[in-house]
1. Taking the condition of being part of a helix (DSSP H, G or I) and either within 16 Å of the ligand (Cβ to nearest atom) or without any contact (Cβ under 8 Å) to a residue 40 or more places away in the chain (or both), how many residues in region 57-97 meet it?
2. Identify all residues within region 319-361 that are closer than 16 Å to ARG11 by Cβ and among the hydroxyl-bearing types (Ser, Thr, Tyr); write none if there are none.
3. Restricting attention to region 326-360, report how many residues are within 23 Å of the chain's Cα centre (by Cα) and assigned to a helix (DSSP H, G or I).
4. Given the options GLN234, GLN270, name the one that is buried (at least 24 other Cβ atoms within 10 Å of the Cβ) and over 16 Å from ILE56 (Cα atoms).
5. Could you grab me the full set of residues in region 170-197 that are more than 16 Å from the ligand (Cβ to nearest atom) and either within 16 Å of the chain's Cα centre (by Cα) or modelled with pLDDT under 95 (or both)?
6. Determine which single condition LEU265 fails, assuming it passes every other condition in (1) in a loop (DSSP other than H, G, I, E, B); (2) modelled with pLDDT of 95 or more; (3) over 14 Å from ILE67 (Cα atoms).
7. Can you pull out every residue in region 1-55 that is of a type in the set (S, T, N, Q), open to solvent by less than 90 Å² (accessible area, probe 1.4 Å) and in contact (Cβ under 8 Å) with a residue 60 or more places away in the chain?
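The values are calculated or read from the model by the stated rules, or taken from the named source; none is laboratory data. It should be emphasised that the depicted structure is a prediction, and the values quoted were computed from it without experimental measurement. Glycine gets a Cβ as well: all are built from the backbone with ideal geometry, and neighbour counts include every protein chain shown. Surface areas here come from the heavy atoms of the whole protein model, side chains and all, with no ligands, DNA or RNA. Shrake-Rupley method; radii C 1.70, N 1.55, O 1.52, S 1.80 Å.
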Amino acid sequence: MNIYSKYHVSRVINASGKMTILGGSRVQDKVIEQCGIGAGNFFEVKDLLDKTGEYIANLLDVESSYIVNSASGGIAQAIGAAICQDNYQKIMNLYDPTNNKREVVICKGHNVNYGTAVEVTMRLGGAKVVEAGYANECTLDSIKACINENTVALLYIKSHHCVQKGMPDVQEFIDLAHAYDLPVIVDAAAEGDLKKYYQMGAECVIYSGTKALCGPTSGLIVGKKSYIDLIKKQYAGIGRIMKVGKENIIGLTYAIEEYMNQPQLTIEQQKDRLKEFNHLLNQLDGVQAKCVQDGAGRPIIRSEITFTHQDAKKIAQSLKTGEVHIYTRDYKANLGQIEIDIRDVDDEELMIIYHRIQEILEA
Ligand SMILES: *Cc1c(COP(=O)(O)O)cnc(C)c1O
């Protein structure tokens, strides 16, 4: 009996990208094997976290790194660290209402919802959320105006979910924070470049283990040793509630090693994978398919399908509710378009998607 029928759940084809609601990434067998080794043995977990952190830091040529349970958990603990520093009393009383020194500044256009709102995650870390600027515009002056003696950190969200126009770029945001002697936390959950924001000078940069890195459910923090050492202290506080298992510590470390050693598919190779699929779609009446690059500028190529005769929203919905549930990127369905993300779709699944689109259009 397969896993879908055992639990009466639907088979899913994930053409939407690294979506938490679908479980993130498809984890490779080699990584699953390492998770098994982690699960089946004992470790001194703090030591394991320290040593895997050093191992990854060496791979990436950064000062320090630390595995956590998720990017969300990493953001919360990084904020907790800014508020508590290494003060044990503060760590144990993170939400102490008499402590006002907990303001974290974020561009208003970055306070997005990725499944939960960024501000919920910030408050979990103890922050008083201070939004700078407006939804469509955040100048450096509007950030400056938010900084006062209670500010403990600035948070930058690098994501396709964010408003892209009118926002400061990461480097000027970091430079501004440093001019005020404040640390910068970068949420780069779905980004694939593990060095870029660290090299720009951010104190810590947070990645989701199960997005670009194709690891098990986990998170990775990369950053300056002094700051990561403060984050580790949260393990005695909120960190305990969001602990990462030994299986995922070992699994993610291996996934990162694979990720760094395996060349990623080039833009051309990704276009090649989509060639036949787009060609077939373009034969259908009222359908135009072409390759487009990721809206947040990552080196990801997707098929953008425009439906000229039928409602793209309804098509996306029908795809989700067939025998196999097919999830596409439907952020722009209201504009008549859906996108197919093939990072976790194999060639057989790609053909299933094509046939299902054809079937829906003919129905
Ligand atoms: C996915 C995501 C997160 C959360 O990552 P998890 O590992 O699922 O906690 C945080 N921020 C952004 C912008 C994301 O896209």
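1. So the first thing to find is which residues in region 57-97 are part of a helix (DSSP H, G or I), and the list is 57-60, 71-84, 88-92.
Then drop every residue that is not either within 16 Å of the ligand (Cβ to nearest atom) or without any contact (Cβ under 8 Å) to a residue 40 or more places away in the chain (or both), which leaves 58, 71-80, 89-90.
The number of residues fulfilling the criteria is 13.
2. Selection gives THR321, TYR327, THR328.
3. The total comes to 1.
4. GLN234
5. First pass over region 170-197, keeping only residues more than 16 Å from the ligand (Cβ to nearest atom): 171-172, 174-183, 195.
LYS195, the sole residue that qualifies.
6. Condition not satisfied by LEU265: (2).
7. SER10, ASN14, SER16, SER25, GLN34, ASN41, THR52
Residue by residue, here is whether (1) in contact with a helix residue (DSSP H, G or I) (Cβ under 7 Å, 6 or more places away or on another chain); (2) away from the ligand (no atom under 15 Å from the Cβ); (3) not basic (Lys, Arg) holds:
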| site | (1), (2), (3) |
| --- | --- |
| GLU103 | no, yes, yes |
| ASN113 | no, no, yes |
| VAL120 | no, no, yes |
| GLY126 | yes, yes, yes |
| GLY133 | yes, yes, yes |
| THR139 | no, yes, yes |
| VAL152 | yes, yes, yes |
| TYR156 | yes, no, yes |
